[in-house]
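The structure appears right after this line, and notes come after that.
Nothing in this text is a laboratory measurement; each read-out follows from the coordinates by a stated rule. No experiment lies behind these values; they were computed from the predicted model shown. So basically every Cβ, Gly included, is an ideal-geometry build from the backbone, and we count neighbours across all protein chains shown.
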């Protein structure tokens, strides 16, 4: 880990200014363990910075800054801030309390989570840090219908079982994200049926995850920059230039998105389209950064530099939240749904 981390900004380099308050908190209070990350998450959340309220770029810069230092830390913080934003958008800020939050909204599996009479039963996949968090926002089927609703639950409920043998990842090893079994767990609805996916903030939260990917790639690029400063050959210079170009693509996409979100231009179809575009742009840039940094530095850092090897493994796994061709197909479908040529 760098001894003196610096902010990751979304503004053009010639226009960079002193880090905004939320970014400064992340720099002054660096975290290196899950417990420290969750404490930092609560501290950041107490500042009440939510997407779509004029400080979206600051929020995403904060996530990127944390990610450039340690993606595992960011992976613990981002869902907590997302959960607070969801509760805020639902007008349920009073439920936040003093604990930590996660968002468990993946669908699928043979034992779907179902709500009956105010209680949840079934299995939910991909529940990050379920054994460490206090609360979660969880999506579930409403009775026997295909409709889904979001619910808030206390993760200390005796009806919750978190298996300990399902996480074998080599990236984000400190963020176990296996299934959770629910047995008649008390739950309180958040928003109306279908609100979770239809709200503007769903798209904005997806872009916030992309800001974490971008920050992780910046961390790798900084390692390449330092190595090239020490020994610059024609090929390392070419890789460094390519990395800069791809990161610039990602930065511009995130900066434009933050402006559109705060300007009220990223709701409904436009918001969904924006999220798909930005996530694809950032994911593609990060894939190229991993490839270019690996080719430039060779196997050495992957074998002997613990921080670098962790960043590569963490980012490789985290990027798979982008569903590659599936998400690109969704983007293409949304383009065809529009009434005019998109370019």
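If you fit an axis through the alpha-carbon atoms of helix 200-230 and take the longest principal axis of the Cα set of the chain, what angle between them do you get, 0 to 90°, nearest 10? In the chain, helix 200-230 runs at an angle near 30 degrees to the longest axis.
Approximating the spin labels as points 7 Å out from Cα along Cα→Cβ, the residue 309-to-residue 32 distance works out to 1.8 nm.
Each principal axis of the Cα cloud of region 101-193 was evaluated for its coordinate range; sorted largest first, these ranges are 38, 24, 21 Å. Simple spin-label estimate for residue 333 and residue 173 gives 3.8 nm between the two label positions (7 Å along the Cα-to-Cβ direction from each Cα). Between residue 265 and residue 198, the FRET efficiency from the beta-carbon distance, with R0 = 22 Å, is close to 0.80.
Explain nothing, just the number: relative contact order of region 20-59, from Cα pairs under 8 Å at least 6 residues apart, as a whole percent.
Values: 20 pairs, mean separation 18.1, N = 40.
Relative contact order of region 20-59: 45 percent.
Over region 72-123, the pair-distance histogram of Cα-Cα distances with 5 Å bins from zero comes to 4, 16, 18, 18, 23, 15, 4, 0 percent, rounded to whole numbers. Quick one: pull the percentage of alpha-carbon pairs in the chain with a separation above 38 Å. Value for the chain: 15 percent of Cα pairs lie more than 38 Å apart.
Output the direction-averaged projected area (hull surface divided by four) of the convex hull of the alpha-carbon atoms of region 56-143, in nm². The partial results should precede the final answer.
Numbers: hull surface 28.0 nm².
About 7.0 nm², averaged over all directions.
As I understand it, the value is the acute angle between the Cα axis of helix 306-318 and the longest principal axis of the Cα atoms of the chain; what does it come to in degrees, rounded to 10? That works out to roughly 50 degrees.
Rounded to the nearest 10 degrees, what's the angle between the helix 34-45 long axis and the longest principal axis of the chain, both from Cα atoms, 0 to 90? Here the helix axis deviates by roughly 80 degrees.
Modelled spin-label separation between residue 46 and residue 232, with each label point placed 7 Å from Cα along the Cα-to-Cβ direction: 4.5 nm.
Only helical DSSP H runs with n ≥ 4 go in: add -39500 (n - 2.57) per run for the chain, normalise by residue count and round the 222 nm mean residue ellipticity to 500 deg cm²/dmol.
Details: 11 runs with 178 residues, N = 343.
For the chain, the value works out to -17000 deg cm²/dmol.
Peptide packing: for 247-256, 324-333, the average count of neighbouring Cβ atoms within 10 Å per residue gives the ranking 247-256, 324-333, highest mean first.
Peptides 28-38, 198-208, 230-240 ranked from most to least packed by the mean count of surrounding Cβ atoms within 10 Å: 198-208, 28-38, 230-240. Got the relative contact order for the chain handy, in percent, Cα pairs under 8 Å and 6 or more residues apart? Result for the chain is 17 percent. Of all DSSP-defined beta bridges confined to the chain, some 75% are antiparallel rather than parallel. Legend: ranking of residues 128, 339, 11 from fewest to most surrounding C-beta atoms inside 10 Å; resulting order 339, 11, 128. The share of alpha-carbon pairs in region 158-253 lying farther apart than 17 Å comes to 72%. Remark on region 13-95: Rg and Dmax equal 12.7, 42 Å (Cα only).
Which order, highest average first, do 265-276, 184-195 follow once you tally other Cβ atoms within 10 Å for each residue and take the mean per peptide?
On the way: 265-276: 18.7, 184-195: 16.7.
Ranked from most to least packed, the peptides come out as 265-276, 184-195.
Note on region 197-337: Rg/Rh from C-alpha atoms, Kirkwood Rh, equals 1.04.
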